[in-house]
Amino acid sequence: MDRRTARLLNGALALCCLVLVLAAVYPVTTAKSHAKQPTDKRFTVPESDDYRTTGAIVADSETALEFEGAVAADGGRYLFVDEGDIRTEQFQASPGAPVYSRIVVEDASSTDRRGEQIQSDTDRELLRVNQTEGAVTFIVKQESENVADEVSGTASVVVRSLYVVEYQRDADPSQEATVYKPKNGWYDGREPYHITGARGQVRTVGDTTDVRSAAVTWDQTESAGTYAELVLVRLTGDAPTTYDISVEFESGETTVRRPAWVTEVKTGSEDR
């Protein structure tokens, strides 16, 4: 091998080493999360006078948030939210009517504080407290609240959790919905993170950003902006965290029935 060939080979090897080093320090490309889309391009909660909705955020098989809500055209509104140690159920017979809430608290260390918060709120009336071995239940009546806003707001929490990743838009032959599929990649947030195993889809109403349904999953590794950091974080911790996010909206005629526990606490006065 002559000297010129040897120099060329050495240069090529040095270039390969440099590329490998840079790959460990910098990812090849950075994806643009849905949160960085223009406001009018982001997923939103559909607006409707008559609908039913459900949703959940699950992290490593543990439910962080699960809800069920309904808004009827005749005015009935209902919302159930499960946050693990706290479960809240709300019912409102019509707009402007009193809101009845049943709050079940399983965390014994926070039950006294919860009771104090309710009693100190002049807009809420504590109707009943029931304590069992595993939980404390508060029944509350409130005058100034709109459960329809609470349903929409809770659904928005789940919809906004979809913003973490970027989506590939796919055509739907039926043209009744637009389909978006989550993408793997490196992302910039307050701290960089890495997404793998992304699958599932988000379906919007026609060509709008109103989410009709979503069922997506991905594995998320925090504080990992490079391959070297990715390996280190996974070796020294429990990363990645697997997220399962789902939400469903059914527009159309909806009936909201008064829960039995509301009937039990009614004192005989009619809702306004």
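Do we have Ile139 as touching a Gly at 6+ places or on another chain (Cβ under 7 Å), open to solvent by less than 20 Å² (accessible area, probe 1.4 Å) and either touching a residue at least 40 places away in the same chain (Cβ under 8 Å) or not charged (D, E, K, R) (or both) here?
No.
Pairs only if they're at least six apart or on different chains, beta carbon under 8 angstrom, first in the stretch 240-255 and within 29 Å of Gln220 (Cβ to Cβ) and in contact (Cβ under 8 Å) with a residue 40 or more places away in the chain, second among the small types (Gly, Ala, Ser) and not in a strand (DSSP E or B); list them, first residue then second.
Final answer for the pair search is Thr242/Ser61; Tyr243/Ser161; Ile245/Ser161; Val247/Ala155; Phe249/Ser48; Phe249/Ala155.
Just the residues that are touching a Leu at 6+ places or on another chain (Cβ under 9 Å), more than 30 Å from Pro240 (Cα to Cα) and of a type in the set (A, V, I, L, M, F, W, C), please, taken from the stretch 149-187.
Val151
Looking only at the stretch 103-121, which residues are under 12 Å from Val140 (Cα atoms) and either assigned to a loop (DSSP other than H, G, I, E, B) or hydroxyl-bearing (Ser, Thr, Tyr) (or both)?
Asp121
Scan the stretch 143-157 and give yes if some residue there is assigned to a loop (DSSP other than H, G, I, E, B), loosely packed, with under 13 Cβ neighbours inside 10 Å and at pLDDT below 85, otherwise no.
Scanning the stretch 143-157, I find at least one residue that is assigned to a loop (DSSP other than H, G, I, E, B), loosely packed, with under 13 Cβ neighbours inside 10 Å and at pLDDT below 85, so the answer is yes.
Do you know which residues across the stretch 92-102 are of a type outside the set (Ser, Thr, Tyr) and either open to solvent by 10 Å² or more (accessible area, probe 1.4 Å) or not in a strand (DSSP E or B) (or both)?
Correct list: Ala93, Pro95, Gly96, Ala97, Pro98, Arg102.
Can we say Val211 is open to solvent by less than 40 Å² (accessible area, probe 1.4 Å), in contact with a helix residue (DSSP H, G or I) (Cβ under 6 Å, 6 or more places away or on another chain), modelled with pLDDT of 90 or more and within 30 Å of Asp40 (Cα to Cα)?
So Val211 fits the description; yes.
How many of the residues in the stretch 163-182 are in contact with a strand residue (DSSP E or B) (Cβ under 6 Å, 6 or more places away or on another chain) and either in contact (Cβ under 8 Å) with a residue 40 or more places away in the chain or of a type in the set (Phe, Trp, Tyr) (or both)?
Of the residues in that region, 4 qualify.
Can you pull out every residue in the stretch 212-236 that is closer than 29 Å to Val202 by Cα and aliphatic (A, V, I, L, M)?
Passing the criteria: Ala214, Ala215, Val216, Ala224, Leu230.
Only one of Arg169, Arg203, Arg160, Arg190 is assigned to a loop (DSSP other than H, G, I, E, B), of a type outside the set (Ser, Thr, Tyr) and open to solvent by 20 Å² or more (accessible area, probe 1.4 Å). Can you tell me which?
Arg190
Within the stretch 67-89, identify whether any single residue is at pLDDT 95 or above, outside any helix (DSSP H, G or I) and within 26 Å of Ile195 (Cβ to Cβ), and answer yes or no.
Taking every residue of the stretch 67-89 in turn, at least one turns out to be at pLDDT 95 or above, outside any helix (DSSP H, G or I) and within 26 Å of Ile195 (Cβ to Cβ).
Tell me, which residue of the stretch 51-66 that is part of a strand (DSSP E or B) and more than 14 Å from the chain's Cα centre (by Cα) is surrounded by the most Cβ atoms within 10 Å (Cβ to Cβ)?
Only one residue fits best here, namely Tyr51.
The values are calculated or read from the model by the stated rules, or taken from the named source; none is laboratory data. These numbers were taken from a predicted model, which means no experiment stands behind them. Note that each Cβ is placed from the backbone with ideal geometry, even for glycine, and that neighbours are counted across all protein chains shown. Just the protein is used for accessible areas: all its heavy atoms, side chains included, with ligands, DNA and RNA removed. Shrake-Rupley method; radii C 1.70, N 1.55, O 1.52, S 1.80 Å.
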